[in-house]
Amino acid sequence: MPELFAPQVFLGVEVERMKTSGDMERGVVYTRSEVVGFILDLTGYTSDKPLWQKRLLEPSFGSGDFLLPALARLLEAAKRHGIPAKDLMEAVRAVELHRDTFEATKERVIELLCDAGVSQSDADVLAGKWLINGDFLLEPFTARFDAVVGNPPYVRQEMIAAPMLAEYRKRYTTLYDRADLYVPFIEQSLRLLSKDGLLGFICSDRWMKNRYGGPLRQMISTGFTLKYYIDMVGTAAFQSEVIAYPAITVIGRGTSGRCRIAHRPEVSVESLRGLHSRLAGSPNDFNGTVVEMPCIAKGDDPWLLEADAQPSLALVRRLEAAFPTLEEAGCSVGIGVATGADKIFIGPMDELDVEDERKLPLVMTRDMRQGIVEWRGLGVVNPFEEDGTLADFSLYPRFAAYMEKHGETLKARHCAQKANGSWYRTIDRITPSLAQKPKLLIPDIKGDAHIVLEDGKLYPHHNLYFVLSKEWPLPALQAVLMAGIAHLFVRAYSTKMHGGALRFQAQYLRRIRLPKWADIASKTRKQLLDAVKTKDASAILNATAVIYGMTPDELTHLTPAT
């Protein structure tokens, strides 16, 4: 391999390139000063403490939103106790990748030091010691830190050069699936905490429930404790409007303890100071704005922290302990087909110029109205045989001609380039027999559980999840799920979208608890089936309550679908 392209040389070149990249590429978001002060308070980095004896780390200091207020606190504490500048050398380490931003903030740091009475020469030395122009995820650290604070960068993986991403993956086990870069920032920051140190970040809360956050949740559950969680969604936490789901998390070492939770506070100095007092004080002072609960980290399980999920959490936990999962009860969950080229594979069924054996009627979310399927006549070209092999062109000349006609477009797809010659496949395998199976169809994003029974004629598109069952009668299963059971579990585990919609994804549907049909008393089974036939919503709800042994109070936590 030529030396120019040696891995370490490439990484150095890529770091240099990122030092001159734009704000969007680096995932820059600026935090309001009121929020910064609140996080510093939560991590105990306050000027009444001997901060010169502590070590502070800021992993991505940007324009100094966190760094400058933290330094002001350090200098105030040092001045009060007569601590000279030379004794502050090890008190701070702060990293920034972007060169121009680094230099501009360094000047502000030196100015702050000089304004505090530090000589120009000492200020230059301190700034040179404290500030690092580099990549936090690649930077070697030999010390531990008592406070790690900041707003880590929001950078999607597709924005990162492949060799750099590979290096990050080698170093950070939490960079899993589609995780954004802030996830390994959290991992590295946690590993750098001292025994009693605290990490205080404001960043997206998606990792707390999403699949990609599983390894980070697992890591925290085995060596760390979430001390504070403050939901900041919908608040003015940043200096500009940001489409994000922010939360403040304060995490320390140890696996015992309790977590204190608050939701959507007013962003003002007075309000956040009051909230800090309640979070750090006695439960008698919570005043309805703070909730305390046992440490919520359990393996890689999602964290259930939303305000509207708390009242029903006890019911969710009871049902999880008492009943099997949906799939253990004899059901299966799947998702419809993603083609990778809908304009080619999908069209009016009668106009798809392939053999009848090579197309299937397709159901999409738009076909589901008023709780029933109203098929609009679309079909999907099916390149697969039932056994999963691709259809032989020699057996289906019209299909072969149709695929060759669109060959240039199909071969350019990422899935085709990976498929080792299978360029005319859909991204997902199509299993033709699925179309003939009665199934429940569930759209991905909805405000409530919109579950429709399809009697076995159509194949689902990729924005639809489906549930099959050999044991439960599907109309009875549909009724129980829509009585509020599906919404109860999905609301607890799903990440919320803008407008309050939930993601009814397979990973959340599989968490639903359901008794086996054979374990339900015959009298209750008959009551449920009779209620389904007569469409008696009240009787369905009563039967559901009996099936799950719910008390009247527990029943109030169900939200039947409309």
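The values are calculated or read from the model by the stated rules, or taken from the named source; none is laboratory data. These numbers were taken from a predicted model, which means no experiment stands behind them. All Cβ positions, glycine included, derive from the backbone under ideal geometry; neighbour counts span all protein chains shown. Surface areas here come from the heavy atoms of the whole protein model, side chains and all, with no ligands, DNA or RNA. Shrake-Rupley method; radii C 1.70, N 1.55, O 1.52, S 1.80 Å.
What residue, among those in segment 474-494 that are more than 19 Å from S433 (Cα to Cα) and open to solvent by 10 Å² or more (accessible area, probe 1.4 Å), is modelled with the lowest pLDDT?
So the first thing to find is which residues in segment 474-494 are more than 19 Å from S433 (Cα to Cα), and the list is 475-494.
Of the ones still in play, those that are also open to solvent by 10 Å² or more (accessible area, probe 1.4 Å) are 475, 478-479, 482, 487, 491.
Details: P475: 97, Q478: 97, A479: 97, M482: 95, H487: 91, R491: 88.
Across segment 474-494, the extreme among qualifying residues is R491.
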Filter result (assigned to a loop (DSSP other than H, G, I, E, B), out of contact with any helix residue (DSSP H, G or I) (no Cβ under 7 Å at 6 or more places or on another chain) and of a type in the set (D, E, K, R)) within segment 203-256: D205, E241
Residue within segment 444-451 that is open to solvent by less than 40 Å² (accessible area, probe 1.4 Å) and at pLDDT 95 or above present: no
Residue match in segment 406-418 (condition: closer than 29 Å to M368 by Cβ, under 30 Å from the mean Cα position of the chain (by Cα) and not in a loop (DSSP other than H, G, I, E, B)): yes
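Restricting attention to segment 522-545, does a residue exist that is among the hydroxyl-bearing types (S, T, Y) and touching a strand residue (DSSP E or B) at 6+ places or on another chain (Cβ under 7 Å)? Show your work before the answer.
Step one: of segment 522-545, the residues among the hydroxyl-bearing types (S, T, Y) are 522, 524, 534, 538, 544.
After this cut, where a residue has to be touching a strand residue (DSSP E or B) at 6+ places or on another chain (Cβ under 7 Å) as well, the list is none.
There is no residue in segment 522-545 that is among the hydroxyl-bearing types (S, T, Y) and touching a strand residue (DSSP E or B) at 6+ places or on another chain (Cβ under 7 Å).
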Given (1) open to solvent by 30 Å² or more (accessible area, probe 1.4 Å); (2) touching a residue at least 60 places away in the same chain (Cβ under 8 Å); (3) within 25 Å of the chain's Cα centre (by Cα), number of the condition R144 does not satisfy: (3)
Within segment 280-297, considering residues that are touching a helix residue (DSSP H, G or I) at 6+ places or on another chain (Cβ under 7 Å) and either open to solvent by less than 30 Å² (accessible area, probe 1.4 Å) or closer than 10 Å to L226 by Cα (or both), the one modelled with the highest pLDDT: V290
Residues of segment 177-192 that turn out to be open to solvent by 30 Å² or more (accessible area, probe 1.4 Å) and modelled with pLDDT under 95, as a count: 2
Matching residues, segment 39-85, being open to solvent by 10 Å² or more (accessible area, probe 1.4 Å) and in contact with an Asp or Glu (Cβ under 7 Å, 6 or more places away or on another chain): S47, W52, K54, R55, S60, G62, A85
Residues within segment 206-226 that are open to solvent by 10 Å² or more (accessible area, probe 1.4 Å) and without any contact (Cβ under 8 Å) to a residue 60 or more places away in the chain, tallied: 4
Number of the condition not met by G299 [criteria: (1) touching a Ser or Thr at 6+ places or on another chain (Cβ under 6 Å); (2) over 22 Å from T495 (Cα atoms)]: (2)
Any hit, segment 499-518, residues being open to solvent by less than 50 Å² (accessible area, probe 1.4 Å), over 24 Å from the mean Cα position of the chain (by Cα) and aliphatic (A, V, I, L, M): yes
Meets criteria (open to solvent by less than 20 Å² (accessible area, probe 1.4 Å) and more than 30 Å from F504 (Cβ to Cβ)) for L305: no
Condition broken by E327, with the remaining ones in (1) open to solvent by less than 60 Å² (accessible area, probe 1.4 Å); (2) farther than 25 Å from T426 by Cα; (3) touching a strand residue (DSSP E or B) at 6+ places or on another chain (Cβ under 7 Å); (4) at pLDDT 95 or above satisfied: (1)
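Go through segment 342-386 residue by residue and tally those that are open to solvent by 70 Å² or more (accessible area, probe 1.4 Å) and more than 21 Å from K439 (Cα to Cα). Don't jump to the end; show me each part of the working.
Residues of segment 342-386 that are open to solvent by 70 Å² or more (accessible area, probe 1.4 Å), as a first pass: 343, 350-351, 353, 356-357, 366, 369-370, 372, 374-376, 386.
This time we only want the ones that are more than 21 Å from K439 (Cα to Cα), so: 343, 350-351, 353, 356-357.
Looking only at that region, the number is 6.
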Segment 167-199 - residue that is in a strand (DSSP E or B) and among the aliphatic types (A, V, I, L, M) and, of those, nearest to V155 (Cα to Cα): L199
Number of positions in segment 91-115 that are in contact with a helix residue (DSSP H, G or I) (Cβ under 8 Å, 6 or more places away or on another chain) and touching a residue at least 24 places away in the same chain (Cβ under 8 Å): 13
Matching residues, segment 114-141, being open to solvent by less than 20 Å² (accessible area, probe 1.4 Å), under 17 Å from F66 (Cβ atoms) and either in contact with an Asp or Glu (Cβ under 9 Å, 6 or more places away or on another chain) or small (G, A, S) (or both): A127, L131, F136
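Based on this model, can you work out whether S332 counts as farther than 21 Å from G484 by Cβ and free of Cβ contacts under 8 Å to residues at least 12 places away in the same chain?
On the way: farther than 21 Å from G484 by Cβ: yes; free of Cβ contacts under 8 Å to residues at least 12 places away in the same chain: no.
No: the conditions fail for S332.
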